[in-house]
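See below for the structure under consideration.
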Amino acid sequence: MLELWELGGRSNCRFSTFSWRTRLALHHKGLVFVVHPVAVSDKAATAFSGQAKIPILKHDGRVITHSWAIA
């Protein structure tokens with residue numbers, strides 16, 4: 001299963017261009033993924049990745065943290 005962590009704003013708004021780049025790449029490839037919106041101040045939600053930047057993709061235990069690497 002693919003899981004994507006991205007910045008989430010009020011009213012379910014997504015404002016990170018890096019997250020949009022990742023979403024578009026995943027959709028273009030026809031991949032199914034689950035999205036986890038994260039508040040910019042919620043460092044605990046992304047602590048598993050070892051860094052604080054978004055987006056984060058997790059697949060089969062592997063964590064990928066750069067939007068171009070994910071694409």
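The values are calculated or read from the model by the stated rules, or taken from the named source; none is laboratory data. Source: prediction; values computed, not measured. Positions of Cβ are backbone-derived with ideal geometry, glycine not excepted, and every protein chain shown enters the neighbour counts. Surface accessibility is based on the protein's heavy atoms, side chains included, excluding ligands, DNA and RNA. Shrake-Rupley method; radii C 1.70, N 1.55, O 1.52, S 1.80 Å.
A few points about this structure:
- Considering residues of region 19-37 that are among the aliphatic types (A, V, I, L, M) and open to solvent by less than 30 Å² (accessible area, probe 1.4 Å) only, the residue farthest from residue 5 (Cα to Cα): 25
- As a summary of the residue check, residue 27 satisfies the conditions (1) part of a helix (DSSP H, G or I); (2) out of contact with any helix residue (DSSP H, G or I) (no Cβ under 8 Å at 6 or more places or on another chain); (3) touching a residue at least 24 places away in the same chain (Cβ under 8 Å); (4) not small (Gly, Ala, Ser) except for the one numbered (3).
- One residue from 31, 7, 24 being at pLDDT 95 or above and among the hydrophobic types (A, V, I, L, M, F, W, C): 31
- In region 38-65, the qualifying residues are those that are farther than 17 Å from residue 1 by Cβ and touching a helix residue (DSSP H, G or I) at 6+ places or on another chain (Cβ under 9 Å), and the one that is surrounded by the most Cβ atoms within 10 Å (Cβ to Cβ) is 54.
- Restricted to region 1-18, and to residues there that are in contact with a Ser or Thr (Cβ under 8 Å, 6 or more places away or on another chain) and open to solvent by less than 70 Å² (accessible area, probe 1.4 Å), the residue that is farthest from residue 58 (Cα to Cα) is 7.
- Those residues of region 19-38 which are aromatic (Phe, Trp, Tyr) and more than 12 Å from residue 57 (Cβ to Cβ), in sequence order: 20
- Residue 33 vs. criteria aromatic (Phe, Trp, Tyr) and in contact with a strand residue (DSSP E or B) (Cβ under 6 Å, 6 or more places away or on another chain): yes
- Looking only at region 10-21, and only at residues there that are among the small types (Gly, Ala, Ser) and under 20 Å from residue 47 (Cβ atoms), the one that is modelled with the highest pLDDT: 19
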